[in-house]
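Shown next, in structure tokens, is the structure this report addresses.
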Amino acid sequence: MLRGEQGRAVQEALQLQQEVGKFFGAKRFVPVSNVHMMGDIEVMGDAGKSFIERAAESGAKCRQPTTTNARCIDFAHVEHLKQDKNEARKEQELIACLRRMDVITADTCINYQTLYQPHLGEHVAWGDTGTVIYANSVFGARSNFEAGPAALAAGLTGRVPEYGFHLDEHRHGTFQVNLKADLNDLADWGAIGKIVGSGHQDYYAVPVFTGIKRRPTADELKQLGAALASYGSMGMFHMVGVTPEAPTLKAAFGGRKPKEVMTVTNRDLEKVYAGYDKQNNPLNLVVFSGPQQSLFEMKTLAALLKGRKVAKGSQLFITTSNGVKSAAKELGYLQDIEESGAVVLEGVCFYILQNLPQMRLREGWSNLVTNSAKLANIIGAHKFNTILRRTGECIDIACTGTDVR
Amino acid sequence: MSKPAKTIRVNRAFGSIVEGEALVSTEGFSPRYDLDRWSGLISRPGHALEGHNIKDKILITPSAKGGIAAGWAFYDIQHKGIAPKAFVFGVTNPVMVQGAVFAGITITEGWSADPYQLIRTGDIVRINPEKRTMTLVRRGSR
């Protein structure tokens, strides 16, 4: 590969991986069985697109199944959202190039719920931090955060340098979090991620959760992981008795002592919710996104919205994958949701929507209400004032324009 | 009192030798959350460096924040001509390293001594990835 007999793209991919491996002191490469990459026109820009076009032109193909993360445009909504048609065209071209390289453009950030569930010890190369923390923590698979170019490189070479979470030494817990809070809503799990992640911004900080009162669902673990990764840049957590590498507290810490023990109570959660302020601006935008909604979340939203209408002047957006949306349509959830006036976007994530800053100004959005702590964190870059609320509260705000808190 | 050392060792490094003006942040950095990727200005309201431009600077920051999208963002800002000459992180994550290597921007992680005691914004510093050093060349005029 390095000599270039498999083409320039493969050669450059391996060179990139070698340099990254050298930086982290990797001793060897490990084969990966699955790749998940972020690559859409909003995050890549024209330079990234040119890179992909050159790679596709050279005939390079992914040698392991490689899927794509959420993109920035739902082509059915370009007009409605007044997105840039030129950028939509570029996104189409980009998708065509990726397909030529045998990339499966599934456009979802919940691949771990809908596409591929790696097993204990399986090496993968995933991007979107929420997917990585889920793979490491819940499946016991092994992945680092793989940025778009790095994930594509892994797809082309079928391997990754062995450092970080591919190695046992980084997978043990470093501190303990005793959960005394009642965790009844998805937003509560995200709030835990905010509390724990904000205080420990370190890729190699691995929290070990104890005191779980009941087994969390996949969607709850998804919110927790996405928030830990977003606020703390973390790539792994353990939950004693729940996640595969934490049968016991001792096993989770690999025999080491926790550097710190913290406790999270209901009061801490209430403090999170009380920490948001609508700043005297209207509550006219509610979003369920980041990560995309699972079919179970769609069912919940359908039940909450059935027979209700989104308030006049307000907008409610829900993002999910093509697969989940299709199933929701078959099951009638989509109709209940859409009849309320909510807009369901497929294949996208709200925070990377093309033209979002312009959309915000045009629509007069200042506040963004969501049950996703991750979204509440990352969308600040687009100058939204965010407000985290529980799922039912979000729906009430969407339908009334007021917050009862 | 002994004179503080003018050279700090970094733990890990990639890239070519660069020299330039330091931009020192007490806060972590994300090219997605904090940066206007069209001008190079730190745009997130309330960021320690809000209003500063990273173009051609040596950005010294304690930590990496956020997500995967940073990997493409470095390549994007490099091609727009608004990239810094180097990223000097206290702790970073693989995305920043993968992104910097892909874009060909010098990057380092970890330090032997607290650079905040030695280097101020505006000072001229040199990063030598091969020797894994960060050196104060001269004080800035400010």
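Computed from the coordinates by the stated procedures, all read-outs in this text should not be read as laboratory data. Values in this document were obtained by computation on a predicted structure and should not be read as measured data. Cβ sites come from the backbone with ideal geometry, for glycine too, and all protein chains shown count toward neighbours.
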Practice problem: Give the distance, in whole Å, between the Cα centre of the range A:353-404 and the Cα centre of the range A:72-143. | Solution: 23
Quiz item: If Lys and Arg each add +1 and Asp and Glu each add -1, what is the summed charge of the other residues whose beta carbon sits under 12 Å from the beta carbon of B:Asn128?
Solution: +2
Exercise. Take a quick pass over the range A:300-405 and tell me how many lysine pairs come in under 24 angstrom between Cα atoms, counting only ones 8 or more apart or on separate chains.
Key: 7
Quiz item: Over the range B:23-142, what is the mean sequence separation of C-alpha contacts under 8 Å (at least six apart), divided by residue count, expressed as relative contact order in percent?
Solution: 22
Quiz prompt | Descending Cα extents along the principal axes, the range A:349-405, whole Å | solution = 30, 23, 16
Exercise. Find how many whole Å separate the alpha carbon centroid of the range A:1-25 from the alpha carbon centroid of the range A:292-318.
Key: 46
Quiz item: Taking only C-alpha pairs under 8 Å that are 6+ residues apart, what is the relative contact order of chain A in percent?
Solution: 17
Practice problem: Run through the DSSP bridge list for the range B:37-113 and note the antiparallel percent, rounded to the nearest 5. | Solution: 10
Quiz item: Say R0 is 45 Å: what FRET efficiency, to the nearest 0.05, do A:Gln92 and A:Gln279 get from their beta-carbon distance?
Solution: 0.70
Quiz prompt | Label-point separation in nm, A:Ala47 to A:Asp84, each point 7 Å along Cα→Cβ | solution = 1.6
Quiz item: When A:Phe145, A:Phe350 are ordered from fewest to most other Cβ atoms inside 10 Å of their Cβ, what list results?
Solution: A:Phe350, A:Phe145
Quiz item: Arranged by the count of other C-beta atoms within 10 angstrom, fewest first, what order do A:Met298, A:Met38, B:Met134 take?
Solution: A:Met298, B:Met134, A:Met38
Exercise. With label points built 7 Å along Cα→Cβ from the Cα atoms of A:Ala218 and B:Gln117, find their separation and express it in nm.
Key: 5.2
Exercise. Would you mind working out the magnitude of the charge dipole of the protein assembly as shown relative to its Cα centre, with +1 at each Lys and Arg C-beta and -1 at each Asp and Glu C-beta, to the nearest 20 Debye?
Key: 1240
Self-check item: Environment charge at A:Gly347 (Cβ cut-off 11 Å; Lys +1, Arg +1, Asp -1, Glu -1)
Solution: -3
Practice problem: First select every other residue whose beta carbon is under 13 angstrom from the beta carbon of A:Trp126; then total the charges, Lys and Arg +1, Asp and Glu -1. | Solution: -2
Quiz item: To the nearest 20 debye, what charge dipole does the range A:291-352 have about its Cα centre, counting +1 at the Cβ of each Lys and Arg and -1 at the Cβ of each Asp and Glu?
Solution: 200
Quiz prompt | On Cα atoms only, tilt of B:70-79 relative to the major axis of chain B in degrees | solution = 80
Practice problem: Give the calculated FRET efficiency between A:Ser326 and A:Leu167 to the nearest 0.05, with a Förster radius of 45 Å applied to their Cβ-Cβ distance. | Solution: 0.70
Quiz item: Along the charge dipole of chain A, Cβ charges K/R +1 and D/E -1, which of A:Tyr333, A:Ile387, A:Phe165 sits furthest on the positive end?
Solution: A:Phe165
Self-check item: Quarter of Cα convex hull surface for the range A:1-157, i.e. mean projection, nm²
Solution: 9.4
Practice problem: Could you work out the mean count of beta carbons from other protein chains within 10 Å of each residue's beta carbon in B:72-82? | Solution: 5
Quiz item: When DSSP assigns beta bridges and you keep just the ones with both residues in chain B, what percent turn out antiparallel, to the nearest 5?
Solution: 60
Exercise. Work from the charge dipole of the protein assembly as shown (Cβ charges, +1 for Lys and Arg, -1 for Asp and Glu, about the Cα centre) and give the residue of A:Val343, B:Gly40, A:Phe253 farthest towards its positive end.
Key: A:Phe253
Practice problem: May I ask which of A:Lys49/A:Lys85; A:Lys27/B:Lys65; B:Lys57/B:Lys131; B:Lys65/B:Lys131; B:Lys6/B:Lys131 have a Cα-Cα span longer than 23 Å here? | Solution: A:Lys27/B:Lys65; B:Lys65/B:Lys131
Self-check item: Dipole of the protein assembly as shown, positive direction: furthest Cα of A:Ser294, A:Leu368, B:Thr61, with charges on the beta-carbon
Solution: B:Thr61
Practice problem: Binning at 10 Å from 0, report for the range A:245-301 what percent of all alpha-carbon pair distances ends up in each bin. | Solution: 15, 20, 32, 24, 9, 0
Self-check item: Residues of the range A:145-181 with amide N under 18 Å of the 7 Å Cα→Cβ point at B:His79
Solution: A:147-153
Quiz item: Between A:Asn178 and A:Gln358, what FRET efficiency follows from the Cβ-Cβ distance if R0 is 45 Å, with the result rounded to 0.05?
Solution: 0.50
Quiz prompt | Shielding by partners - mean other protein chain Cβ count within 10 Å, residues of A:137-147 | solution = 4
Practice problem: Would you kindly calculate the translational diffusion coefficient of chain A, applying Stokes-Einstein with the Kirkwood radius from alpha carbon pairs, for 25 °C and a viscosity of 0.890 mPa s, and quote it in µm² s⁻¹ without decimals? | Solution: 113
Quiz prompt | Per-residue mean of C-beta atoms belonging to partner chains within 10 Å, peptide A:38-51 | solution = 5
Quiz item: Considering only DSSP beta bridges whose two residues both sit in the protein assembly as shown, what percent are antiparallel, to the nearest 5?
Solution: 30
Self-check item: Burial ranking of peptide ranges A:71-84, B:75-88 (average Cβ count within 10 Å, highest at the top)
Solution: B:75-88, A:71-84
